[in-house]
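Heads up: the structure comes next, in structure tokens.
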Amino acid sequence: MKKIINWFKNYKKPWKLLIINLLVIIAGASIIINIAYLPKYFGLKIHNETSVNINVTAKDDKNKNLFTLQYQSSMKTLGDLMALHSTVYDLQMTGFGRFLLGITYINIEGKKDYLGGDPNTAYWAIKKNNEMAMVGIDQLYLHTNDTFELVYTKL
């Protein structure tokens, strides 16, 4: 303990030590705040500035209409919109982004039904404004009056 006290007495510029300690405290507080609040900040980046109107139609492998849903949303991508409605859309996270595995809907008899499952035997083809989408749902950006058609396609 005497060595520490002597070191402080012999130290010629104690204000430098004080400034260094304050910088360390400020940097530590900044790291803690960023860890706590940055995920919320980036979570807000999935929203558009304004709300857009979207129509989503799902069809089975026989091209029979399962449902058409109208959304008013401020989400940026179709993937974000589907993730928000996880009771309808069954998504799986992959190394390439989210993948639509299946859809839960109310069938003609009024019962809940599920269409989807193994991605090795079928997939969901996605059309945006009547054109086949060449990117995944996380790259399909939403604009006002967009229409999406999800067609279940067997391999």
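Of everything listed in (1) open to solvent by 70 Å² or more (accessible area, probe 1.4 Å); (2) not in a strand (DSSP E or B), the single unmet condition for M82 is (1). If the condition is being of a type in the set (A, V, I, L, M, F, W, C), surrounded by 11 or more Cβ atoms within 10 Å (Cβ to Cβ) and assigned to a strand (DSSP E or B), then region 125-155 contributes A125, I126, F148, L150, V151. Among the residues making up region 85-112, those that are aromatic (F, W, Y) and surrounded by fewer than 17 Cβ atoms within 10 Å (Cβ to Cβ) are F96, Y105. Scan region 115-124 for residues that are over 23 Å from M75 (Cβ atoms) and open to solvent by 70 Å² or more (accessible area, probe 1.4 Å) and the total you get is 3.
The values are calculated or read from the model by the stated rules, or taken from the named source; none is laboratory data. Everything numeric here is computed off the predicted structure, so don't read it as measured data. Cβ coordinates were reconstructed from backbone atoms using ideal geometry, including for glycine residues, and neighbour counts include every protein chain displayed. Ligands, DNA and RNA are stripped out before the accessible areas are found, and what is left, the full protein with its side chains, is counted by its heavy atoms. Shrake-Rupley method; radii C 1.70, N 1.55, O 1.52, S 1.80 Å.
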